Amino acid sequence: MIRQRDTYIYCTSCKTKLLQEDGYKQCPKCDKQYFFNARPTISLLLTNSKNEVLLTKRAREPFKDWWDLPGGFVEEGETLEQAVERELKEETNLTVTDLKYLGSIPKTTISTVKLSQS
Ligand SMILES: [Zn+2]
């Protein structure tokens, strides 16, 4: 797995090679610090009265045409709940009224699955 921190080698301001510090990188010349924080995303497990799960087909790469749960990135200033509502509306034009938090997982694996080709 390629991590974002591994792709930052040189300072974007002065082009000096960055030093790895404890949890971040730092430019020894201009002292600019680089933190590599997680990019929060949400996924929605939406079921109907028959316990069928709503899947969406990805429109773009990566994994174009693969089946996925509705979801996406949390935007700046949004709560997780607002992100769920926005992504579901954008992707399915549905609205959700009764949200239940199921849990969180670290982004270390690919969670998109390909059920069939079309
Ligand atoms: Zn620098």
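The values are calculated or read from the model by the stated rules, or taken from the named source; none is laboratory data. All figures in this text were calculated on a predicted structure; none of them were measured in a lab. In this analysis, Cβ positions are derived from the backbone assuming ideal geometry, glycine residues included, and neighbour counts consider all displayed protein chains.
Observations on the model:
- Scanning the stretch 1-12 for residues that are within 14 Å of the ligand (Cβ to nearest atom) and either closer than 26 Å to P106 by Cα or assigned by TED's automatic domain parsing to the domain that holds P106 (or both) gives Y8, I9.
- The stretch 13-29, subset in a loop (DSSP other than H, G, I, E, B) and within 10 Å of the ligand (Cβ to nearest atom), residue nearest to R3 (Cα to Cα): L18
- Qualifying residue in the stretch 37-44 (condition: free of Cβ contacts under 8 Å to residues at least 12 places away in the same chain and away from the ligand (no atom under 16 Å from the Cβ)): yes
- Top-ranked residue of the stretch 16-63 - restricted to ones that are of a type in the set (D, E, K, R) and under 16 Å from the mean Cα position of the chain (by Cα), ranked as nearest to L102 (Cα to Cα): R39
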